[in-house]
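Structure first, commentary second.
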Amino acid sequence: MAILLLYPEILVAIFLCFFFLCQWRWSKTRSAITNWPVVGMLTGLLQNAYNLHEYATWVLKQNGGTFEFKGPWFTNMNFTVTSDPMNIHHMLSKNFSNYIKGQKFHENFDVLGDGIFNSESDSWGYQRKLLQSLIKHRKFELFFQEVVKGIVDKSLIPVLDHVSSFGIEVDLQDIFQRFTFDSVCLVALGFDPKCLSIEFPHVSHAKAFDQLEESVFYRHIVPESYWKLQRWLQIGSEKKFSIAGKILDQFIYKCISSRQEKLSQSRAPKTEEEKFDLLTAIGEQVEEIGGLIKSDKFLRDNAFNLMAAGRDSVSAGLTWLFWIVATHPYVEAKILGEIKEHLLDKGKLKDFNIDELSKLVYLHGAICESLRLYPPVPFEHKCSVQSDILPSGHSIRPNTTMIYSLYSMGRMESIWGQDCLDFKPERWISERGGIVHVPSFKFITFNAGPRTCLGKDITFIQMKIIASAILWNYSVQVVEGHPVSPSISVILHMKHGLKVRIRKRFV
Ligand code: HEM
């Protein structure tokens, strides 16, 4: 004992250990995730980073759907995470103006420029009005449908015929990424990069997109000062980010100038895609909507945002759909029955239209179900402007980072019932055979409230066209032993791709 009195620093150390142990035990029992001194809950987060979405779901369930994460001291990494539909409804609709994207979002996603995803208040309002008038237009839906069908006929079918005749194992995720990159470039820029072809070409701007996504995700999981220092020094992930950004900018600006050149040569559209690509339409309409200034930078930001919106979300959605259908043969059989009933003419898929596609109710249910369990955008964040109290009773201070987990919301018994982890397209079909409507603050995959996704309808069109073309013509088998798990990224890709064998159904 005397020795302790002689060395007061030992006493202080013991006291501190005791204090932190108490703190730790207290935080552990209360929140099911350890809140360590100095590093906060970061260790738990990093230890479980490989399985982040499942971990977040578990933590949220342990905490009644809402949880306050404490980051390391002095790092500005604290946030509140929720999967409670009432909180979501409150943040995204009822008290919409209090939950903005905020400074952190703008910085993490600076590559989006001033496009719709990264804008607020008036600038967002103008852009939303502009894009809504274009994307939700029937003429655009028809144009989009033709573009997708064109890629199916000219690229997808030849590629699948090729791999099936040679019995080659193929990564279906790669095929879908190539498909959606081609479709989004045609729709947004009026340019076909021809990524999807039997040569499987290396397309640097498509790869640059993957790099940007990876670096943006990295910015979310390391302290802000760390990635900013990397950016300043131009090292590591930030260096790759800058290079990829330059490659994509060059590509987009080139498309913009060749588009302008073509239009100045002839006012009359010639090819199918020239009739309605979004870049041209935006250029024409922007002057009619006040508050927006048309410039190359404005067109670049819009093009980039549309590419970000329409490429990986759809390809990720398709990948999970094909995996889940391939592992549920009775679902596949039902979809095939429905295609046979509504889309065939003399034993072959006919040139169907959007109305005929809408008769595929079971396929619609299967797509919703797979998007519920595997939402392509697994998490989102907002920032509070003023203090607030959430419906769950949690008080929110100004400038709090709010994260909502779309992935976890699809797996909550409280929302979907005890069978929430089962894949059941029937969940979406009413007794009278129609589609069951689920409010968007519960089926959150396409976001909710005034910032709901503008591409939801065209996504269903695209996914249905591709799914019916593949499922009717080919049998898809996942390669035995292929590991399937989500990647940890801003988009829910499959970590190891989706290795499959394709066999032609009719020879
Ligand atoms: C499976 C496919 C898709 C999913 C899961 C999806 C999901 C989402 C989500 C979660 C948001 C909210 C993003 C945020 O606020 O940060 C969003 C917004 C948006 N989406 Fe989609 N999306 C899909 C496809 C598309 C497509 C094909 C387009 C059109 C090319 C599109 C256009 C947009 C636009 C313009 C917004 C911004 C809305 C705003 O901020 O007002 N999306 N989408």
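For S487, indicate whether it is within 16 Å of the ligand (Cβ to nearest atom) and out of contact with any Cys (no Cβ under 8 Å at 6 or more places or on another chain). Yes; evaluated as a whole, the condition is true for this residue. For the criterion of being within 16 Å of the ligand (Cβ to nearest atom), of a type in the set (V, I, T) and out of contact with any Pro (no Cβ under 6 Å at 6 or more places or on another chain), I502 fails. For region 168-212, what are the residues that are of a type in the set (D, E, K, R) and under 20 Å from S489 (Cα atoms)? Selection gives D171, D174, R178, K207, D210.
Here D345, D351, D355 are screened, and the one residue that is within 28 Å of the chain's Cα centre (by Cα) and modelled with pLDDT under 95 is D355. A Cβ distance below 7 Å, combined with a sequence gap of six or more or placement on separate chains, defines the contacts here; from region 454-466, residues that are among the small types (G, A, S) reach residues that are within 9 Å of the ligand (Cβ to nearest atom) in the pairs G455/I135; G455/A309; G455/G310. For region 328-374, the set of residues classified as touching a residue at least 60 places away in the same chain (Cβ under 8 Å), closer than 28 Å to F441 by Cβ and either among the charged types (D, E, K, R) or in contact with a strand residue (DSSP E or B) (Cβ under 9 Å, 6 or more places away or on another chain) (or both) consists of V361, Y362, H364, G365, C368, R372, Y374, listed by residue number. One residue stands out among those in region 49-70 that are in contact (Cβ under 8 Å) with a residue 60 or more places away in the chain and assigned to a loop (DSSP other than H, G, I, E, B): the one that is nearest to the chain's Cα centre (by Cα), which is G65. Is at least one residue of region 446-459 in a loop (DSSP other than H, G, I, E, B), of a type in the set (A, V, I, L, M), surrounded by fewer than 16 Cβ atoms within 10 Å (Cβ to Cβ) and in contact with a Lys or Arg (Cβ under 9 Å, 6 or more places away or on another chain)? No, region 446-459 contains no residue that is in a loop (DSSP other than H, G, I, E, B), of a type in the set (A, V, I, L, M), surrounded by fewer than 16 Cβ atoms within 10 Å (Cβ to Cβ) and in contact with a Lys or Arg (Cβ under 9 Å, 6 or more places away or on another chain).
If the condition is being assigned to a loop (DSSP other than H, G, I, E, B) and either farther than 15 Å from N35 by Cα or of a type outside the set (S, T, Y) (or both), then region 71-92 contributes G71, P72, W73, F74, N76, M77, N78, S83, D84.
Listed conditions (1) among the β-branched types (V, I, T); (2) within 29 Å of M77 (Cβ to Cβ); (3) modelled with pLDDT of 95 or more are all met by T401, apart from (3). Could you check how many residues of region 423-433 are in a loop (DSSP other than H, G, I, E, B) and in contact with a Phe, Trp or Tyr (Cβ under 8 Å, 6 or more places away or on another chain)? Qualifying residue count for the region: 0. When region 421-447 is examined, which residues are found to be under 21 Å from the mean Cα position of the chain (by Cα) and hydrophobic (A, V, I, L, M, F, W, C)? Those that are under 21 Å from the mean Cα position of the chain (by Cα) and hydrophobic (A, V, I, L, M, F, W, C): L421, F423, V438, F441, F443, I444, F446.
If only residues of region 314-332 that are polar (S, T, N, Q) and crowded, with 24+ Cβ neighbours inside 10 Å are counted, the one that is farthest from K495 (Cα to Cα) is S315. For residues in region 460-475 being in a helix (DSSP H, G or I) and among the small types (G, A, S), which is nearest to the ligand (Cβ to nearest atom)? The selected residue is A467.
On inspection, C420 passes the criterion of being at pLDDT 95 or above and either over 27 Å from V216 (Cα atoms) or in a helix (DSSP H, G or I) (or both).
Please indicate, with yes or no, whether at least one residue in region 261-274 is away from the ligand (no atom under 16 Å from the Cβ), β-branched (V, I, T), modelled with pLDDT under 75 and surrounded by fewer than 14 Cβ atoms within 10 Å (Cβ to Cβ). The answer is yes, given that some residue of region 261-274 is away from the ligand (no atom under 16 Å from the Cβ), β-branched (V, I, T), modelled with pLDDT under 75 and surrounded by fewer than 14 Cβ atoms within 10 Å (Cβ to Cβ).
Selection over region 386-404 of residues that are buried (at least 19 other Cβ atoms within 10 Å of the Cβ) and of a type in the set (V, I, T) gives a count of 3. The sole residue among I389, I339 that is over 23 Å from R503 (Cβ atoms) and more than 16 Å from the ligand (Cβ to nearest atom) is I389. The single condition among (1) among the hydrophobic types (A, V, I, L, M, F, W, C); (2) farther than 24 Å from R311 by Cα; (3) buried (at least 17 other Cβ atoms within 10 Å of the Cβ) that V500 does not meet is (2). Within the set G410, G433, G365, the sole residue that is more than 27 Å from V490 (Cα to Cα) and of a type in the set (G, A, S) turns out to be G433.
Between R427, R501, the distinction of being farther than 29 Å from N87 by Cα and not hydrophobic (A, V, I, L, M, F, W, C) belongs to R501 only.
Candidates are the residues of region 316-330 that are hydroxyl-bearing (S, T, Y) and part of a helix (DSSP H, G or I); the one that is nearest to the ligand (Cβ to nearest atom) is T319. Residue pairs whose Cβ atoms lie under 7 Å apart, separated by 6 or more positions or on different chains, with the first residue in region 295-320 and within 15 Å of V187 (Cα to Cα) and among the aliphatic types (A, V, I, L, M) and the second modelled with pLDDT under 90 and within 11 Å of the ligand (Cβ to nearest atom), are A303/A188; L306/A188; L306/L278; M307/A188.
With respect to the conditions (1) over 19 Å from V500 (Cβ atoms); (2) in contact (Cβ under 8 Å) with a residue 12 or more places away in the chain, E169 falls short on a single one, namely (1). Scan region 376-385 and tell me whether some residue there is outside any helix (DSSP H, G or I) and surrounded by fewer than 17 Cβ atoms within 10 Å (Cβ to Cβ). Scanning region 376-385, I find at least one residue that is outside any helix (DSSP H, G or I) and surrounded by fewer than 17 Cβ atoms within 10 Å (Cβ to Cβ), so the answer is yes. Of all residues in region 462-476, none are surrounded by fewer than 19 Cβ atoms within 10 Å (Cβ to Cβ) and among the β-branched types (V, I, T).
The values are calculated or read from the model by the stated rules, or taken from the named source; none is laboratory data. Just so it is clear, the model here is predicted, and its values are computed rather than measured. Positions of Cβ are generated from backbone atoms using ideal geometry, with glycine treated the same way; all protein chains shown enter the neighbour counts.
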